[in-house]
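If you scroll down you'll find the structure; I have some questions about it.
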Amino acid sequence: MESLSEVKPKLLLVEDDIENQKLLKLFLKKYFSIDICDSAETFYLLTDKNEYEVIIMDISIKGDTNGLDLTRELRENSIHSNVSIICYTAHAFSQDRINALDAGCDVYISKPTDIYTLLNAISELLKVKGINIFGDFSSTENIFIS
């Protein structure tokens, strides 16, 4: 049984690519309790029963509802409106960034990027909430995730 000091913050990964799911889970499981979903249907099931500190949201997911629509819905829902949302997507045009931020994402990161960029973004968002679970991930290593 985990002690209170060992309880990891909850993170939801909204990503439809299986390989990206595996890779991100590999890097993030040390710091977070991770749930993964690939569609709006599974997203609703998870967010109805869990509260998350951070959501990593891809724009393109399975089904008719995209990640930006889900972000807008979260921002309008008083229960989940304060969750930190990182748009992490292969949609890399400047308009995609604008759309993500307009939808309510706190941070926009285009794929591929190195894992340290993502970890630093998560770290900064959590520090604002008073959660400091890991340090600075500046590194000269280029561990890219797509």
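The values are calculated or read from the model by the stated rules, or taken from the named source; none is laboratory data. Predicted model only: the values in this text are computed from it and were never measured. Note: ideal-geometry Cβ built from the backbone for every residue, glycine included; neighbour counts use all protein chains shown.
Charged (D, E, K, R) and under 19 Å from Lys129 (Cα atoms): which single residue out of Glu53, Glu41 fits that description?
Details: Glu41 fails: under 19 Å from Lys129 (Cα atoms).
None of the others qualify; the one that does is Glu53.
Does the range 47-68 contain any residue that is assigned to a helix (DSSP H, G or I), in contact with a Gly (Cβ under 7 Å, 6 or more places away or on another chain) and of a type outside the set (Lys, Arg)?
Initial filter on the range 47-68 (assigned to a helix (DSSP H, G or I)): 47-49, 67-68.
In the following step, the residues that additionally are in contact with a Gly (Cβ under 7 Å, 6 or more places away or on another chain) were identified as none.
There is no residue in the range 47-68 that is assigned to a helix (DSSP H, G or I), in contact with a Gly (Cβ under 7 Å, 6 or more places away or on another chain) and of a type outside the set (Lys, Arg).
Then there's this: If you go through the range 34-49 one residue at a time, how many are buried (at least 16 other Cβ atoms within 10 Å of the Cβ) and either within 14 Å of Val83 (Cβ to Cβ) or not polar (S, T, N, Q) (or both)? Break it down into steps so the answer makes sense when it comes.
If we filter the range 34-49 for residues that are buried (at least 16 other Cβ atoms within 10 Å of the Cβ), which is where we start, we get 34-40, 42-43, 46-47.
Next, from what is left, pick out any that are either within 14 Å of Val83 (Cβ to Cβ) or not polar (S, T, N, Q) (or both): 34-38, 40, 43, 46-47.
Here the count works out to 9.
Have a look at Lys129, Lys30, Lys49, Lys25 and point out the one that is of a type in the set (Lys, Arg), within 18 Å of Leu12 (Cα to Cα) and within 14 Å of the chain's Cα centre (by Cα). If you could, list the steps in order and put the result at the bottom.
Working: Lys129 fails: within 14 Å of the chain's Cα centre (by Cα); Lys30 fails: within 14 Å of the chain's Cα centre (by Cα); Lys49 fails: within 14 Å of the chain's Cα centre (by Cα).
The unique qualifying residue is Lys25.
Check whether at least one residue in the range 76-86 is among the acidic types (Asp, Glu), part of a helix (DSSP H, G or I) and crowded, with 16+ Cβ neighbours inside 10 Å, and report yes or no.
Here is the first cut: in the range 76-86, the residues among the acidic types (Asp, Glu) are 76.
Now restrict to residues that are part of a helix (DSSP H, G or I): 76.
Next, only the ones that are crowded, with 16+ Cβ neighbours inside 10 Å stay: none.
No, the range 76-86 has no match at all.
Determine, yes or no, whether Asp38 is farther than 20 Å from Lys127 by Cβ, out of contact with any helix residue (DSSP H, G or I) (no Cβ under 8 Å at 6 or more places or on another chain) and at pLDDT 95 or above.
On the way: farther than 20 Å from Lys127 by Cβ: yes; out of contact with any helix residue (DSSP H, G or I) (no Cβ under 8 Å at 6 or more places or on another chain): no; at pLDDT 95 or above: yes.
When the stated conditions are applied, Asp38 does not pass them.
Still on this structure, I have one more. Checking Asn66 against (1) among the polar types (S, T, N, Q); (2) modelled with pLDDT of 95 or more; (3) closer than 25 Å to Ile131 by Cα: exactly one of these is not met. Which one?
Of (1) among the polar types (S, T, N, Q); (2) modelled with pLDDT of 95 or more; (3) closer than 25 Å to Ile131 by Cα, only one is false for Asn66: (3).
Hey, among Asp58, Asp102, Asp69, Asp38, which residue is over 14 Å from the mean Cα position of the chain (by Cα) and touching a residue at least 24 places away in the same chain (Cβ under 8 Å)? Break it down into steps so the answer makes sense when it comes.
Numbers: Asp58 fails: over 14 Å from the mean Cα position of the chain (by Cα); Asp102 fails: touching a residue at least 24 places away in the same chain (Cβ under 8 Å); Asp38 fails: over 14 Å from the mean Cα position of the chain (by Cα).
From the options Asp58, Asp102, Asp69, Asp38, the qualifying one is Asp69.
Just the residues that are outside any strand (DSSP E or B), touching a Phe, Trp or Tyr at 6+ places or on another chain (Cβ under 6 Å) and farther than 15 Å from Phe32 by Cβ, please, taken from the range 106-119. It would help to see each step written out before you state the result.
In the first step, residues of the range 106-119 are kept if they are outside any strand (DSSP E or B); the result is 106, 111-112, 115-119.
Narrowing the set further to residues that are touching a Phe, Trp or Tyr at 6+ places or on another chain (Cβ under 6 Å) leaves 112, 115-116, 119.
Result: Pro112, Tyr116.
List the number of the failed condition for Glu124; all other conditions in (1) closer than 14 Å to Leu13 by Cα; (2) among the acidic types (Asp, Glu); (3) without any contact (Cβ under 8 Å) to a residue 24 or more places away in the chain hold.
Single failed check for Glu124: (1).
Please work out which one of (1) part of a loop (DSSP other than H, G, I, E, B); (2) modelled with pLDDT under 95; (3) hydrophobic (A, V, I, L, M, F, W, C) is the condition Phe27 fails and give its number.
The one condition Phe27 does not meet is (1).
What number goes with the only condition from (1) among the hydrophobic types (A, V, I, L, M, F, W, C); (2) without any contact (Cβ under 8 Å) to a residue 12 or more places away in the chain; (3) under 22 Å from Glu124 (Cα atoms) that Leu45 does not pass?
If we test Leu45 against (1) among the hydrophobic types (A, V, I, L, M, F, W, C); (2) without any contact (Cβ under 8 Å) to a residue 12 or more places away in the chain; (3) under 22 Å from Glu124 (Cα atoms), just (3) comes out false.
Moving on. Residue under question is Ile61, and the condition is that it be within 25 Å of Ile133 (Cβ to Cβ) and either modelled with pLDDT of 95 or more or surrounded by 19 or more Cβ atoms within 10 Å (Cβ to Cβ) (or both); does it hold? I'd like the intermediate steps shown before the answer.
Numbers: within 25 Å of Ile133 (Cβ to Cβ): no; either modelled with pLDDT of 95 or more or surrounded by 19 or more Cβ atoms within 10 Å (Cβ to Cβ) (or both): yes.
In short, no.
Within the range 94-115, can you find the residues that are modelled with pLDDT under 95 and either of a type in the set (A, V, I, L, M, F, W, C) or crowded, with 18+ Cβ neighbours inside 10 Å (or both)?
Ile115 - this is the single residue of the range 94-115 that is modelled with pLDDT under 95 and either of a type in the set (A, V, I, L, M, F, W, C) or crowded, with 18+ Cβ neighbours inside 10 Å (or both).
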